[in-house]
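The values are calculated or read from the model by the stated rules, or taken from the named source; none is laboratory data. Quick caveat: nothing in here was measured; it's all calculated off a predicted structure. With ideal geometry, Cβ positions are generated from the backbone for all residues, glycine too; neighbour counts draw on all protein chains shown. Accessible surface is based on the protein model in full, side chains and every heavy atom, while ligands, DNA and RNA are left aside. Shrake-Rupley method; radii C 1.70, N 1.55, O 1.52, S 1.80 Å.
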Amino acid sequence: MENKIQGVILAGGLARRMQGEDKGLILFKQKPLCLHCAERLRPQVARLAINANRNLERYQAFGFPVFCDELKGFQGPLSGMLSGLEQSLLPFVLFVPCDGPFLPLNLAQRLFQACQEKNALLAYACDEVRAHPTFCLMHRSLAPKLAQFLAQGERRLLKFMQENHALAVKFHDGQAFENFNTLADVEKKEN
């Protein structure tokens, strides 16, 4: 399984609610958020890369390949996903946001297993409360469909997933998908 999956940490956003600070580089428990994600994701995948659109040298210092969105203008997570699919040499790409430092240690295994069982090309995480579509496993053959979706001006992640018969895989630990949207969120969890 692992030799079929490339991991990508999505750190390419503008982080408007973080007062413009690069979200993946914000310290949490004395370590950048992106590194927390990398430590949990790295054992689950064959390769790991980071999608970033600024502070590239700082991200490269973590020791993983770094790539930018092909589409300019910070167009959202789907833009980073498209670039991830296009640069991957492996059949599947597992995407996670850079501000999800508690992501499940079995995320790749569960999403990949669901895709294998149902012969699906796309699966995303959910819990009892809501969907978490930025935590998803996508087959790279979906790149042309995603490029077309974005070319039509669409940016809604769940809409793309529904149109492509994505599987929602339920995880029972809702805290695993807890993320940080503001600096206050980080400070609250720090204590």
Mean Cβ-within-10 Å packing, highest first, puts peptides 100-111, 55-66, 25-36 in the order 100-111, 25-36, 55-66
Checking the stretch 85-168 for GluC sites (Glu not before Pro) in a loop per DSSP with at most 13 other beta-carbon atoms within 10 Å yields E128
With the label point 7 Å along the Cα-to-beta-carbon line of K145 and a cut-off under 14 Å to each amide N, the hits in the stretch 100-134 are 115, 119-124
Note on the chain, DSSP bridge orientation, antiparallel percent to nearest 5 equals 40
Heavy-atom accessible area of the chain with neighbours in place, 1.4 angstrom probe: carbon+sulfur share in percent works out to 50
Answer in debye to the nearest 20: the dipole magnitude of the chain about its Cα centre, from +1 Lys/Arg and -1 Asp/Glu charges placed on Cβ, is 140
Looking only at aspartates and glutamates whose Cα falls under 17 Å of K23's and that sit 8 or more positions away or on another chain, we get E39, E57, D69, D99, E178, D185, E187, E190
Connecting every pair of Cα atoms under 10 Å apart in the chain and solving the GNM, the largest mean-square fluctuation among F171, F92, F112 falls on F171
Residues whose modelled amide H sits under 5 Å from the amide H of F28, counting only those 5 or more places away in sequence or on another chain, are L33
Probe 1.4 Å, heavy atoms of protein chains only: per residue, the accessible area of the stretch 121-187 in Å² is 50
With the 8 Å Cα cutoff and a minimum separation of six or more residues, the stretch 36-93 has a relative contact order in percent of 24
